[in-house]
1. At 0.36 nm per residue, and after removing the present C-alpha to C-alpha distance, how many nm does the segment from residue 258 to residue 50 gain when stretched out fully?
2. Give the angle, between 0 and 90 degrees and rounded to the nearest 10, that separates the Cα long axis of helix 216-229 from the longest principal axis of the Cα atoms of the chain.
3. Pop a pseudo-label 7 angstrom from the Cα along the beta-carbon direction at both residue 307 and residue 206 and give the gap in nm to one decimal.
4. With θ set to phi - 60° and the Karplus curve 6.51 cos²θ - 1.76 cosθ + 1.60, what are the ³J(HN,Hα) couplings of the range 110-116 in order, to the nearest whole Hz, using x for Gly and Pro?
5. Residues in the range 121-156, backbone N under 12 Å from the label point at residue 163 (7 Å along the Cα-to-beta-carbon vector): list them, ranges by number please.
6. Name the residues whose placed amide hydrogens come within less than 5 Å of the amide hydrogen of residue 254, ignoring near sequence neighbours (fewer than 5 apart) on the same chain.
7. Distance from the Cα centre of the range 1-60 to that of the range 213-258, in angstrom?
8. Starting from the Cα gyration tensor of the range 322-390, take the square roots of the eigenvalues, sort them a ≥ b ≥ c, and report rounded, prolate or oblate (rounded when a/c is under 1.5, otherwise prolate if a/b is larger than b/c, else oblate).
Amino acid sequence: MLSGAKNSALKLLAASLLTDEPCTIRRVPHITDIATMVAMLRALGADVEYAGDQLRVHAGAALSGCAPYELVRTMRASIIVMGPLVARLGEATIAMPGGCNIGPRRIDFHIRGLEKLGATIEIDHGFIKIHSTQLKAAVVPLDYPSVGATENLVMAATATDGETVIENAAREPEIVDLCDFLRGMGAVIEGAGTATIRIEGGHALHGVDHEVVADRIEAGTYLIMGAATGGEVTTLGLDPLHLELFLGKLRGMGVDVRVGDRSITVRREGPLAPIDISTLPHPGFATDLQAQTMVLLSLAEGTSIVTENVFENRFVVVDELNRLGAGISTSGHHAVVEGPRALSGSVVEAPDLRGGAALVTAGLVADGATDIGALHHIDRGYEDLVGKLAALGADVARVDERPRTGEGPRPSLSSCDDETLRSAPAGACGGGA
Ligand code: UD1
């Protein structure tokens, strides 16, 4: 069973700041990015309670508008509190973001969009200071369908008087989920999932009870693992339309893909064919599945070209994959993946979240054991990776390499940097994820 989408749950937590009533968010994944966002909401003065995979957020009168550097620098997605804070409080001070090591991730679309809505923005000593006595409705054309900018603007626009139109908006399923959440709070929004989103602002927002959409990137990762190991994997809980183009690419490689209402099964027996992929905003090929797909292409009978159009520096895992025997060369935003390659185990280090998932995929296929370090990257976005892989039949274990001096507490979600994941091929993956 798939977890709730990281990239939706983070935004729903931020959206809970828009009301002084409690919000309940269900199917929240246990991953460190969520722990960081919870810490952020608490730092802003909200009460947050965990109960299993449910979170209850109550941003009452004590809400403040200052997002601290220590939290924003660890997770770029923290800037998503900008829109809700300016909507609710009329001001916010947010540290400039850090986050994943995948290129200079700018925030100019967020800033220009909020300025269009009447906010005054100043950047001072690494902090973004936003102020607005009253946001005003506007037509905001985005230069690029940025996911985060679309989300910040939709949330800010709930506080404007009149209709705001976001043109060239992002169309990801997580945007639709956020808009469903906001509608549940009483917002009036049309067009989510299309390039034009209309928000009629000024409606009082109240508490909501909402289940997070399933994680399409987690689903895609396990489906790739199934295809790579020559096994059978079924994901449960995701609308297959959220991965339509990706599933078409798998079929193009010769993978047997069957879809049900909320299930996707892949099976692969024969050889894999090479294909070209080019990442694009949704509904294009998701950049978050690019690194994992390169592992599959390394097993294909021929040469594939991968073009990364969304982020710079998103080939950072290539050197590590080549250490495992892949034959990938890069030039600018293109990668040439030579196949078929026989992968063999080695010691590697996760360079970022999705690159880490690619190394796990390679480790499942490689001959011999693969030790993967810097697991804190993977922990940002994959709930119970080891448990889910073990249920699929993989031989994978989390190895704590620190010397143990007695029965200390197990590492918390955010303190496992010095653990290693050891994986080895265990025949084909099988069963459901
Ligand atoms: C979100 C996802 C991330 C995914 C990405 C693209 C979350 C928490 N993260 O990131 O997993 O890979 O969408 O699907 O939801 N850009 C600018 N100026 C801006 C904003 C963005 O130049 O103001 C550029 C970025 O540097 C990047 C591209 O636009 O090159 C895409 O960014 P965006 O769509 O905003 O992605 P995120 O919201 O950061």
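Bear in mind these aren't lab numbers, they're just calculated from the coordinates by the rules spelled out. These numbers were taken from a predicted model, which means no experiment stands behind them. Note that we place each Cβ from the backbone using ideal geometry, even for glycine, and neighbour counts take in every protein chain shown.
1. Working: separation 208, 0.36 × 208 = 74.88 nm, distance 3.60 nm.
Gain on stretching residue 258 to residue 50: 71.3 nm.
2. Its long axis makes an angle of about 0 degrees.
3. Here the modelled spin labels are 5.0 nm apart.
4. Result, rounded to whole Hz: 4, 5, 4, x, 5, 5, 4.
5. 138-139
6. Residues meeting the amide H criterion: 273.
7. For the range 1-60 versus the range 213-258, the Cα centre distance is 27 Å.
8. On the way: a/c = 2.13, a/b = 1.36, b/c = 1.57.
Because a/c hits 1.5 or more and a/b fails to exceed b/c, the range 322-390 counts as oblate.
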